[in-house]
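The values are calculated or read from the model by the stated rules, or taken from the named source; none is laboratory data. Owing to the predicted nature of the structure, the values given are computational and were not obtained by experimental measurement. FYI the Cβ positions are ideal-geometry reconstructions off the backbone, even for glycines, and counts take in every protein chain you see.
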Amino acid sequence: MSDQVDINFEAFQKQLPELLKNYEGKYVLLNNSKIISYFDTAFEAFQKGIKEYGEGKFSIQEVTEVVESLGFYSHVGDALHA
Amino acid sequence: MSVMHCTLENNQAIINFSATSPLSSNESMFSNYSNLTSYRGLIDTGAQRTCFTHRVINEVPLIRHGHKPLKTIDDQWISRSLYFTSIGFWVSSEVSNYTNDTSNTYFALPNPLQVYGINNNETFDALIGMDILSMFNFSFNRQRQEFEIKLKV
């Protein structure tokens, strides 16, 4: 069964191209596939999510196209692959 | 000057750390914590963000709050979960390169961090990435065969 993080991530990915126009660099708080509000930091969004919805009932996504690297070890090792 | 010491094991720099949930953590930056679980972190300057194995994530425990797409070295897209944590290290005080206090005070980073979840392995419990390392001065001491991370606090 999908949880809030998975459900919200799918919805967020669909909206990302549009969000990038006005909210790049912000963090969005999501609940039930809907964007609730925008924050400057991820932890502000996290605290709001905990207060309003409780643990596991929300998710946070950064509005960005930047891809991060987890370094050489994570690539040659098995750290990233299930 | 407070210093974190990383041991060199098979040419890999390992540092002991502990982690708590940001919701339960209310410690000051320096504390004498003896009841915290110690984990092994591999210093990884190639990692832009710190990663915890699922073992650490489950034991603390940490709450999953988001996803982030990543690209592997063979150009495959994968997605990894993100977790908030408060992380800390055991430090010694040092005067003029002489360690005069090995009481191992616990130093907690002041702000919670977002870390990725990665698979368990037998070598380390976390990759300590540049999101943490860039906060400090760090160097390799050839005489002691140790990595040293210095805190200017």
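Some observations on this one:
- Scan of region B:39-55 for residues that are crowded, with 19+ Cβ neighbours inside 10 Å, of a type in the set (V, I, T) and within 16 Å of B:D131 (Cβ to Cβ), ordered by number: B:I43, B:T50
Conditions (1) modelled with pLDDT of 95 or more; (2) under 30 Å from B:T123 (Cα atoms); (3) among the hydroxyl-bearing types (S, T, Y); (4) in a loop (DSSP other than H, G, I, E, B), marked per residue:
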site: A:L30; (1), (2), (3), (4): yes, no, no, no
site: A:S37; (1), (2), (3), (4): yes, no, yes, no
site: A:F46; (1), (2), (3), (4): yes, no, no, no
site: A:G54; (1), (2), (3), (4): no, no, no, yes
site: A:I60; (1), (2), (3), (4): yes, no, no, no
site: A:V66; (1), (2), (3), (4): no, yes, no, yes
site: A:Y73; (1), (2), (3), (4): no, yes, yes, no
site: A:D78; (1), (2), (3), (4): no, yes, no, yes
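- Identity of the residue in region B:47-63, more than 7 Å from chain A (Cβ to nearest Cβ) and in a loop (DSSP other than H, G, I, E, B), that ends up nearest to the chain's Cα centre (by Cα): B:T50
- Scanning region B:64-71 turns up no residue that is modelled with pLDDT of 90 or more, in a strand (DSSP E or B), more than 14 Å from chain A (Cβ to nearest Cβ) and surrounded by 21 or more Cβ atoms within 10 Å (Cβ to Cβ).
- Top-ranked residue in region B:72-86 [being of a type outside the set (D, E, K, R) and at pLDDT below 90; ranked as surrounded by the most Cβ atoms within 10 Å (Cβ to Cβ)]: B:T72
- Test: residue in region B:24-41 that is modelled with pLDDT of 95 or more, assigned to a loop (DSSP other than H, G, I, E, B), closer than 23 Å to B:H5 by Cβ and within 18 Å of the chain's Cα centre (by Cα): no
- Restricted to region A:6-24, and to residues there that are within 10 Å of the chain's Cα centre (by Cα) and not charged (D, E, K, R), the residue that is surrounded by the most Cβ atoms within 10 Å (Cβ to Cβ) is A:N8.
- When B:R49, B:R55 are checked against the criterion of being among the basic types (K, R) and at pLDDT 95 or above, a single residue qualifies: B:R55.
- Cβ-Cβ under 8 Å pairs, at least 6 apart or on other chains, region A:39-64 side more than 8 Å from chain B (Cβ to nearest Cβ), far side of a type in the set (S, T, N, Q) and surrounded by 22 or more Cβ atoms within 10 Å (Cβ to Cβ): none
- Contacts under 7 angstrom Cβ, first residue in region B:1-26 being farther than 23 Å from B:I57 by Cβ, partner at pLDDT 90 or above, 6 or more apart: B:T7/B:I14
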